[in-house]
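A short worksheet on the structure shown next.
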Amino acid sequence: MEALKNWWTNFEKSHPKASKWVREGGLFFIFSNLVTVIQYIIYAFLPNMLGLELAGTEWSWPAIPVSLFGIDFTWNAIGYDVVYDAAGNVAIGGGLGYLIAMLVGSFLAQVINFPLQRNITFRSKGNVFYQAMWYFIAWVVITFVVNSINCVWVAVASVLLPTWIYNIGTTVLMGGISMVVFFFVFKIIFPEGEQK
């Protein structure tokens, strides 16, 4: 352990900019994956708690009909099609229930992620209200973009895969793509050092 610590100290002295990116990237990756696990748990359990009534309630925008691999669904920037089982009954995993679960999971993850990334990863002392505002705006935009992709995944995967597997895909899409985009957003909104 001491050898690793010495190596890192020498690396920091020799390559200060690179070591900063490595430290930030490593901490960012750890914290982002922590909140991704939290998101997965919420995606897996909250739709069941919300029940079949919300799962069977269609709510989406802009609601453009699409057919892919012989599966008909509605493309949305926000919202999910109702999912049906083989017998034609409403199943947990779509509709308003899944949208609420996705938004709650994603938002709670960001509430946890914001102070970790701001204070520990990026060591920022900037104006917290300004940073929170831009963080929220970035979350909304990223959510719409990623959800546009995810609605295709959910529609197709819900027909072809068990719910627990497509929840993993949803988590990777919502968490993974968001994680990459958020890293660069954080580099902008979380400048290191004291507030100017």
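The values are calculated or read from the model by the stated rules, or taken from the named source; none is laboratory data. Quantities reported herein were computed from a predicted structural model and do not represent experimental measurements. Here Cβ is always computed from backbone atoms with ideal geometry, including for glycine, and neighbour counts include all displayed protein chains.
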Mind counting the residues in the range 15-63 that are modelled with pLDDT of 90 or more, among the polar types (S, T, N, Q) and within 16 Å of Thr170 (Cβ to Cβ)? 1
Tell me yes or no: at least one residue of the range 28-36 is surrounded by 13 or more Cβ atoms within 10 Å (Cβ to Cβ), of a type in the set (Ser, Thr, Tyr) and assigned to a helix (DSSP H, G or I). yes
Taking the range 47-89 and keeping residues surrounded by 19 or more Cβ atoms within 10 Å (Cβ to Cβ) and either over 21 Å from the mean Cα position of the chain (by Cα) or part of a helix (DSSP H, G or I) (or both) leaves Pro47, Leu50, Leu54, Ala55, Phe73, Val82, Val83
Going by what's in this entry, would Phe11 be described as among the aromatic types (Phe, Trp, Tyr), part of a strand (DSSP E or B) and either touching a strand residue (DSSP E or B) at 6+ places or on another chain (Cβ under 7 Å) or modelled with pLDDT under 90 (or both)? no
Any chance the range 8-29 includes a residue that's closer than 23 Å to Ile165 by Cα and touching a helix residue (DSSP H, G or I) at 6+ places or on another chain (Cβ under 9 Å)? yes
Determine which single condition Ile137 fails, assuming it passes every other condition in (1) modelled with pLDDT under 85; (2) within 21 Å of Trp61 (Cβ to Cβ). (1)
Has the range 181-190 got any residue that is among the aliphatic types (A, V, I, L, M), under 23 Å from Gly97 (Cα atoms) and out of contact with any Cys (no Cβ under 8 Å at 6 or more places or on another chain)? no
Filter result (more than 14 Å from the chain's Cα centre (by Cα), crowded, with 17+ Cβ neighbours inside 10 Å and in a helix (DSSP H, G or I)) within the range 101-133: Leu116, Gln117, Arg118, Thr121, Gln131
